[in-house]
Each structure stands twice: as C-alpha cells, then as structure tokens.
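A short worksheet on the structure shown next.
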Amino acid sequence: MYEHTDVLKALNVSKAEELLKEIKGKTPLFVCTIATTETAKIPGISAAGQNPEFTDLTPPADMEFLYYGRCRCISGVPVTPDGIPTPAIITRAAINLSNIPMLVVDGGSRVCRIILMSSNSLS
C-alpha cells in the first residue's frame with residue numbers, strides 16, 4: 001500500500017522509518033559551520049568566490065545573507081567564477097519556509113565577521 005510522505009526513503013527503508021519515528025515531533029535546528037582554507041584559493045579547485053582572492057569573504061557573506069537577507073561584507077551575493085549565485089539563496093528560502101532556527105558557528109574563517117549567530121526565525 002502506498003503511503004504519502006514528504007520524505008523519500010532510499011537504500012535502507014527500515015532504518016529510514018526508525019529515524020522518522022525518532023525525530024517526529026522534535027524541533028529541527030539548522031547549524032552551519034563556516035571556514036576557509038588556502039587550498040580553495042588554488043584556481044580551478046573551488047567554486048567558492050568569484051576569484052581566489054574573494055574566497056575568504058564567501059563564508060561570512062553567505063551567512064550574512066542567510067541571517068540578514070543581504071551581505072554586509074560584500075556588495076551583492078557571492079558568486080562562482082562562472083557567475084552562478086550562492087546556494088545560500090535556496091537555503092535561506094528553505095529556512096524561511098520551514099521556520100527552522102539557525103545557528104552559525106565560525107570553524108576557522110579567515111575573515112571573521114560572524115562568530116556565533118542564532119535566530120528562531122528569519123524575517
């Protein structure tokens with residue numbers, strides 16, 4: 001019998017059903033740890049930032065966008081070298097629609113604009 005659900009259970013259906021029972025009724029929390037690495041500055045390695053020099057600003061700019069709805073440390077939003085805008089746009093929409101609380105933790109960002117930030121809902 002087909003049962004409608006918003007969750008796609010793949011590979012291990014019984015484990016997925018156990019997890020769904022365990023988390024049912026609990027409040028989710030979106031936790032995002034931001035960091036940078038020198039490896040990401042090697043051209044062609046990372047899509048974080050319009051160019052290697054911009055890479056250090058991408059994590060804090062993404063989190064500023066998630067929290068404030070706009071970036072404060074850069075103009076616009078972070079883009080890839082190909083000009084594709086940050087996935088933070090989709091993440092912000094999902095967090096807003098689901099009203100999930102958010103916590104941002106600095107796990108090694110070179111440009112530390114945000115150390116710790118939380119929100120019960122984004123406006």
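Every number here is computed from the coordinates shown, using simple stated rules; none is lab data. From a predicted model like this one, the values you see are computed outputs, not experimental measurements. Note that we place each Cβ from the backbone using ideal geometry, even for glycine, and neighbour counts take in every protein chain shown.
So the values come out like this:
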| item | result |
| --- | --- |
| Pairwise label distance in nanometres, T39 with L97, each label 7 Å out on the Cα-Cβ vector | 3.3 |
| Region 27-119 - Rg over Rh from alpha carbon coordinates, Kirkwood radius | 0.96 |
| Rough spin-label spacing in nm, given labels placed 7 Å along Cα→Cβ, for A10 and T80 | 1.9 |
| L20 versus I90: modelled label distance in nm, points set 7 Å from Cα along the beta carbon direction | 2.3 |
| Table column - 3J(HN,Hα) (Hz), region 45-51, Karplus curve with 6.51, -1.76, 1.60, x for Gly and Pro | 7, 10, 9, 7, x, 5, 8 |
| Region 27-119: relative contact order in percent, alpha carbon pairs under 8 Å with at least 6 residues between | 35 |
